[in-house]
Amino acid sequence: MKEPSRSGNQPFYLSSRMHYLRENFIHPPFDYEHELLEAIRFGDENRAMDMLRKINELEAAVLATYPLRSKKNALIASCTLFTRAIIKGGVDPEIAFHLSDTLILEIERMSDVERLVHFEYEMLVQFVSMIRSEKEDVSFSHIVNLAIYYIREHIFEELTLQRVAAYLKVHPSYLSDRFKRETGEAITTFINRRKIEESKHLLANTNQSISEIAFTFKFCSQSYYTQLFKNFTGMTPRKFRISGTAR
């Protein structure tokens, strides 16, 4: 049985697609976009600039009725991708999102298409500068920063040394030794500590039961979660909630 919502959208999609083809509007090849984001992730400004120029040499797709709005939408989309790239590169998400919010507000204030064209390159430089400065300030190696990023982004999932190592495409023993040497604690301890810290927000700001919170963070049981929580904080989850420590 066909889904009406999907078939109902087909005429618009097809007519839009035909218009794009007639006008030679194409989205940039995925390889271009991937290489651009990887260059940003690794702080390679020259390569990132080259890829952005290649992408902008293509005829851009129209993202709104008016050229100014269309260009703003395109830059906001780029800003979102650039933000994800530097987070993946190890920049703290809060820092990355603050930069993104600031740039999007600046985009919205602009009233000239030509200025927006130049601003995209300025924006790229700011993202690359951000990841370079973060790498200079952080004493951990890139591989450990990426492991920390992965753990932070998948904190509600079942995390193991093997899973993180597989994502980074390194041997578990290598990652375990490197992580312990640089951070001073085993990666499993780090994972549990992060989960406990994140769980505090749910304890303080929601009515979820302690067993539900334990399940949310993929602990094997409520008793194990309670034991870990007490080890890291010196009190049980229930006592923490009653005390209102995080409020």
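The values are calculated or read from the model by the stated rules, or taken from the named source; none is laboratory data. Everything numeric here is computed off the predicted structure, so don't read it as measured data. Backbone-built Cβ (ideal geometry, glycine too); neighbour counts: all protein chains shown. The area values use the complete protein model at the heavy-atom level, side chains included, leaving out ligands, DNA and RNA. Shrake-Rupley method; radii C 1.70, N 1.55, O 1.52, S 1.80 Å.
Can you pull the percent of the range 81-177's accessible area that's carbon plus sulfur, 1.4 Å probe, other chains left in place?
Numbers: 2680 of 4980 Å².
Result for the range 81-177: 54 percent of the exposed heavy-atom area is carbon or sulfur.
With contacts defined as alpha carbon pairs under 8 Å and 6 or more residues apart, what's the relative contact order of the range 142-245 in percent? Before the final figure, lay out each step's value.
Working: 84 pairs, mean separation 23.8, N = 104.
Across the range 142-245, relative contact order equals 23 percent.
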Completion exercise
Label model pair S133, I76: point-to-point distance (7 angstrom along the Cα→beta-carbon line) in nm is 2.6
Practice task
Please give the length that would be gained between E185 and H201 if that part of the chain were fully extended, namely 0.36 nm times their separation in residues minus their C-alpha to C-alpha distance (nm, one decimal).
Solution key: 3.4 nm
Problem - Charge dipole of the range 142-245 about the Cα centre (unit charges at C-beta), most positive-ward option of Q227, Y167, N192 - result: Q227
Handout entry: Solvent-accessible area per residue for the range 174-247 (1.4 angstrom probe, square angstrom)
Key = 58
